[in-house]
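Trainee: First the structure, which I've put down as structure tokens, then a few questions once you've had a look.
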Amino acid sequence: MKMNSTFKVLAMVLMVAIVCFFLNDSISDKFLHASLAEDDSWFTRRFDKSVEPFLTGKQNLSMEAFDWWKQLQPLEEQTIEYYRAVADSLLKTFPAMSKGAERFGTCAVVGNSANLKDSHYGRLIDIHDVVLRMNKSPIKGYEDDVGSKTSHRLMYPESATDLDNVTHLVLSPFKIMDMVWLQKALTTGFPGNTYEPVRSTIQANKNLVMVLNPAFIAYVHRMWLRRSARYPSTGFLAVILALHICEEVRVFGYGADSDGNWSHYWEKLRDPKLGTGLHYGKEEYDVIRKLAVQQKIHFFKMSSPKF
Ligand code: C5P
């Protein structure tokens, strides 16, 4: 009899424990789903799949986007008619541009931060289908940390470098003159300067040239940076571009050093007051971190070394 009642008590305790366990699980599940739903609304409020990342000739640049874009670096005549004429001429010179954005599987976006130094991320970066880099970042001598593969390189005239025959040159245009420069630098040569001396010719495969759509740059500024700073950095544009064209995005080499400067992995900082240039580095970094928390990208963070 005594045995029986002890057994009953034990069975009751077990039942209560099991119910509590499942109840708890469903409560934490609810919290998880609630926070993911909230996260997802943060993402979906910003991400607009309908914005074409590349200039293809099929899309019309709205006057609102053009008016914002044309005041970024007002160096020359900036009418919509002139913009359209230059865009048409580019599309004739580089017919591959008309194809627009392809979709890719895994992509590594490699920023130029000094935090890549001694990271040994090179092999991990190289296993991606696509590796996006930007500006003048060197590879030779840094393979162990940054890898050796480059499928796309984002640049603008003032940051241009020669490319091999298999890398896509992705122009990030911040003024109409940048588009003129691209066309001339790959054909007859670009005479003169922009706001500083620029390369008059450049090596790249003409069939792999792409140009970011000014409407895409305006969208990144408006939706992803809430119009903070003057305009997005090339590196931030590369991250959002990857979100639009890749199934899986891994981000390396982003983050200022402990003095708040965008220092590089290959050189000692020349200007100790560089900060993050014209860009709002902290805001960009926070968005990248948030994308990682919400599992839209994988972010490989490192603290920056001192040189
Ligand atoms: O210096 P640069 O503009 O060539 O760097 C390319 C991009 O890498 C920047 O636009 C920025 O987004 C990112 N960067 C960074 N932290 C650094 C250096 C660069 O996030 N320390």
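Trainee: Give the Rg (one decimal place) followed by the Dmax (whole number) of the stretch 158-214, computed from C-alpha coordinates and expressed in Å.
Mentor: Spelled out, the Cα radius of gyration and Dmax of the stretch 158-214 are 10.6, 30 Å.
Trainee: ALA101 versus TYR195, label points 7 Å from Cα toward the beta carbon: distance in nm?
Mentor: Distance between label points: 2.7 nm.
Trainee: Which longest run of the chain has no exposed loop site in it, a site being GluC sites (Glu not before Pro) in a DSSP loop with at most 13 other beta carbons within 10 Å, and the site itself not part of the run?
Mentor: The segment 103-266 is the longest one with no such site.
Trainee: Now for a separate question. Just the accessible area per residue of the stretch 195-235, please: how many Å² with a 1.4 Å probe?
Mentor: Per residue, the stretch 195-235 has 40 Å² of solvent-accessible surface.
Trainee: Which values, in whole Å and largest first, are the semi-axes of the equivalent ellipsoid of the stretch 160-307 obtained as the square root of 5 times each eigenvalue of the Cα gyration tensor? Each step should come with its number before you reach the end.
Mentor: Details: eigenvalues 148, 77, 52 Å².
The three semi-axes for the stretch 160-307 are 27, 20, 16 Å.
Trainee: Right, another one. If amide hydrogens are placed 1.01 Å from N in the peptide plane, which non-local residues have theirs closer than 5 Å to the one on CYS246?
Mentor: PHE104
Trainee: Keeping all protein chains in place and using 1.4 angstrom, which order do SER113, SER41, SER258 fall into by accessible surface area, from largest down?
Mentor: Heavy-atom accessible area, descending, gives SER258, SER41, SER113.
Trainee: Could you order ASP257, ASP40 so the one with the most accessible surface comes first? Probe is 1.4 Å.
Mentor: In descending accessible area the options line up as ASP40, ASP257.
Trainee: Taking 41 Å as R0, compute the FRET efficiency from the Cβ-Cβ separation of ASP144 and SER41 and round it to 0.05.
Mentor: Between ASP144 and SER41 the formula returns 0.50.
Trainee: Report the full-extension gain for the segment ARG289 to LYS49: residue separation times 0.36 nm, less the Cα-Cα distance, to one decimal in nm.
Mentor: Computed gain between ARG289 and LYS49 is 84.3 nm.
Trainee: Not counting ligands, DNA or RNA, and with a 1.4 Å probe, what is THR106's accessible surface area in Å² rounded to the nearest 10?
Mentor: Estimated to the nearest 10 Å², THR106 gives 40 Å².
Trainee: Please state the Cα pair-distance histogram of the chain with 20 angstrom bins from zero: what percent is in each bin?
Mentor: 30, 51, 11, 6, 2, 0
Trainee: For the stretch 247-307, what is the accessible area per residue in Å², given a 1.4 Å probe and the full set of protein chains?
Mentor: 60
Trainee: Kindly provide log₁₀ I(q)/I(0) values, in the same order as q = 0.15, 0.19, 0.20, 0.23 Å⁻¹, from the Debye equation applied to equal alpha-carbon scatterers of the stretch 111-206.
Mentor: Those come out to -0.62, -0.88, -0.95, -1.12, one per q.
Trainee: Per residue Cα convex hull volume for the stretch 205-290, in cubic angstrom?
Mentor: Residue-normalised Cα hull volume stands at 138 Å³.
Trainee: Using the basic label-point model (7 angstrom from Cα toward the beta carbon), what is the ARG84 to ASP126 distance in nanometres?
Mentor: About 4.9 nm, to one decimal.
Trainee: At a Förster radius of 22 Å, what calculated FRET efficiency corresponds to the Cβ-Cβ distance of THR188 and LYS92, to the nearest 0.05?
Mentor: Working: r = 14 Å, r/R0 = 0.65.
It comes to 0.95.
Trainee: Then there's this: To the nearest 20 debye, what charge dipole does the stretch 200-307 have about its Cα centre, counting +1 at the Cβ of each Lys and Arg and -1 at the Cβ of each Asp and Glu?
Mentor: Dipole of the stretch 200-307, to the nearest 20 debye: 200 debye.
Trainee: Per-residue ellipticity at 222 nm for the chain, helices alone: DSSP H runs ≥ 4 residues times -39500 (n - 2.57), over residue total, nearest 500 deg cm²/dmol?
Mentor: -12000 deg cm²/dmol
Trainee: Quick one: length gained pulling SER228 to LYS136 fully straight, 0.36 nm per residue minus the C-alpha distance? Could you put the intermediate results ahead of the total?
Mentor: Details: separation 92, 0.36 × 92 = 33.12 nm, distance 2.55 nm.
Here the segment from SER228 to LYS136 would lengthen by 30.6 nm.
Trainee: Also: To the nearest 20 Debye, how big is the dipole of the stretch 116-214 about its Cα centre, given +1 on the beta carbon of each Lys and Arg and -1 on that of each Asp and Glu?
Mentor: Details: 11 positive and 11 negative charges, 55 e Å.
That gives a dipole near 260 debye.
The values are calculated or read from the model by the stated rules, or taken from the named source; none is laboratory data. Keep in mind that what you see is a predicted model, and the values were worked out from it rather than measured. Glycine also receives a Cβ, built like all others from the backbone with ideal geometry; neighbour counts cover every protein chain displayed. Remember, those area values only see protein heavy atoms, side chains included, never the ligands or the DNA or RNA. Shrake-Rupley method; radii C 1.70, N 1.55, O 1.52, S 1.80 Å.
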